[in-house]
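Colleague: Below you'll find the structure I mean.
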Amino acid sequence: MAEQNSNPPALITRTQGTGKDLVFLHGWGMNSGVFSEFAPLLTEHFRVTTIDLPGFGENHQRAPTSYTIAGLADAIQPMLPSNSTVVGWSLGGMVAQQLALTAPEQVRALVTVASTARFVAGQGWPGIAPELLNQFEQDLVNDYKKTLERFLAIQAMGSISARQDIKTIKSSMAAYPEPSQPALAAALSLLSTEDLRKDITRIKQPTLRIFGRLDSLVPVSAIDHLCALHPACDAVVLSKASHAPFISHPQQTAQVIRQFLA
């Protein structure tokens, strides 16, 4: 059974397994429940800690005053075990990259899953269409649950198990509190505004970047651009996965992580 630690105002974390430390950070609109079926694939060899981003899940009442990638990293850093590998999915991957930059004494290695240095498309940079993100921001004001469902559908798009992927994510998230709506809106804006492209060139830790070839949010055309900025990283593309490879292809994703950390 997972340990649960809560010392307000510190963030709540959950830890299971023994071995080297892996810390998991989830994506926008989600919570760490999304890792509930995936984490056990790694706990035989690793001590896995999941942390809800401030404003989400069990930390829905703990949003930082500065809701930026740097602000989120500052809030999470005190909860990191020393000598950790931080695994960040989607928006959580941006936070993980920031932690690698600002807490190198705690972050020994970095794994990003379906993540990037800049999510929104721009000149010479593939990504999410700005119009789509603008629409999400407008829709969020009117009906955040429907907006989350639409975002889930886009994440799973392309996967042959899309319907089951969505069902798995929704059921896993249901065990955790709903997000703070101000944090939900603030975090969504990060997908449009945050840009780590100039910063990731300074990441020194061993880095693994896992992508899904069918991902529409982090398109495969962005991978070469990202690796050109961070040529020391290892990149693995799962040919039949979309934006949530640890949901659609959990065994394959776990094996890639295990091999990287061996």
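Colleague: Taking trypsin sites (Lys or Arg not before Pro) as candidate sites, keep only those in a DSSP loop with at most 14 other Cβ atoms within 10 Å, then name the longest stretch of the chain containing none of them.
Modeller: Within the chain, the longest run free of exposed trypsin sites (Lys or Arg not before Pro) spans 1-197.
Colleague: Can you run phi through the Karplus equation (6.51, -1.76, 1.60; θ = phi - 60°) for the range 88-104 and list ³J(HN,Hα) in whole Hz, with x for Gly and Pro?
Modeller: Taking θ as phi minus 60°, the curve returns x, 9, 6, 4, x, x, 5, 5, 4, 5, 5, 5, 4, 7, 9, 10, x Hz for the range 88-104.
Colleague: Now, a different point. Express the relative contact order of the chain as a whole percentage, based on alpha carbon pairs under 8 Å and six or more residues apart in sequence.
Modeller: So the answer I get is 21 percent.
Colleague: Taking 8 Å as the Cα distance limit and 6 or more residues as the minimum spacing, I'd like the relative contact order of the range 137-262 as a percentage.
Modeller: Relative contact order of the range 137-262: 29 percent.
Colleague: Name the residues whose placed amide hydrogens come within less than 5 Å of the amide hydrogen of residue 238, ignoring near sequence neighbours (fewer than 5 apart) on the same chain.
Modeller: It is 211, 212, 213, by chain and number.
Colleague: Could you go through the range 34-40 in sequence order and give the Karplus-derived ³J(HN,Hα) for each residue, using 6.51 cos²θ - 1.76 cosθ + 1.60 with θ = phi - 60°, rounded to whole Hz, and x for Gly and Pro?
Modeller: Running phi through 6.51 cos²θ - 1.76 cosθ + 1.60 with θ = phi - 60° gives 5, 9, 5, 8, 7, 3, x Hz.
Colleague: Once the dipole of the chain is set up with Lys and Arg at +1 and Asp and Glu at -1 on Cβ about the Cα centre, which of 182, 104, 147 lies farthest towards its positive end?
Modeller: Farthest along the dipole direction, towards plus: 104.
Colleague: State the volume of the convex hull built on the alpha-carbon positions of the chain, expressed per residue in Å³ and rounded to an integer.
Modeller: Value for the chain: 111 Å³ per residue.
Colleague: Oh, and also: What's the local net charge at residue 153, with K and R +1, D and E -1, over the other residues with C-beta under 12 Å away?
Modeller: For residues surrounding residue 153, the net value is +3.
Colleague: Please give the charge dipole size of the chain, origin at the Cα centre, charges +1 on K and R Cβ atoms and -1 on D and E Cβ atoms. Round to the nearest 20 debye.
Modeller: 440
Colleague: Return a single number: how many Lys pairs in the range 104-262, at a sequence separation of 8 or more or on separate chains, have alpha-carbon atoms below 24 angstrom apart.
Modeller: 6
Colleague: I've got another one for you. In straight Cα distance, which aspartates and glutamates are under 19 Å from residue 20, not counting same-chain residues fewer than 8 positions off?
Modeller: 3, 44, 105
Colleague: Follow-up. Would you kindly derive the ³J(HN,Hα) couplings of the range 183-188 from the backbone phi angles with the Karplus curve 6.51 cos²θ - 1.76 cosθ + 1.60 (θ = phi - 60°), listing them in order in whole Hz, with x for Gly and Pro?
Modeller: Here the 3J(HN,Hα) series is 5, 4, 5, 5, 5, 4 Hz.
Colleague: Can I get the semi-axes of the range 138-262's equivalent ellipsoid? Compute them from the C-alpha gyration tensor as square roots of 5 times the eigenvalues, in angstrom, largest first.
Modeller: Rounded to whole Å, the semi-axes are 27, 20, 14.
Colleague: Taking only DSSP H segments of four or more residues, each worth -39500 (n - 2.57), what value at 222 nm results for the chain once the sum is divided by all its residues, to the nearest 500 deg cm²/dmol?
Modeller: Per the formula, -10500 deg cm²/dmol.
Any read-out appearing in this document is the output of simple, stated calculations on the displayed coordinates, not a laboratory observation. Nothing here was measured: the structure is a model prediction, and the numbers come from that model. Glycine gets a Cβ as well: all are built from the backbone with ideal geometry, and neighbour counts include every protein chain shown.
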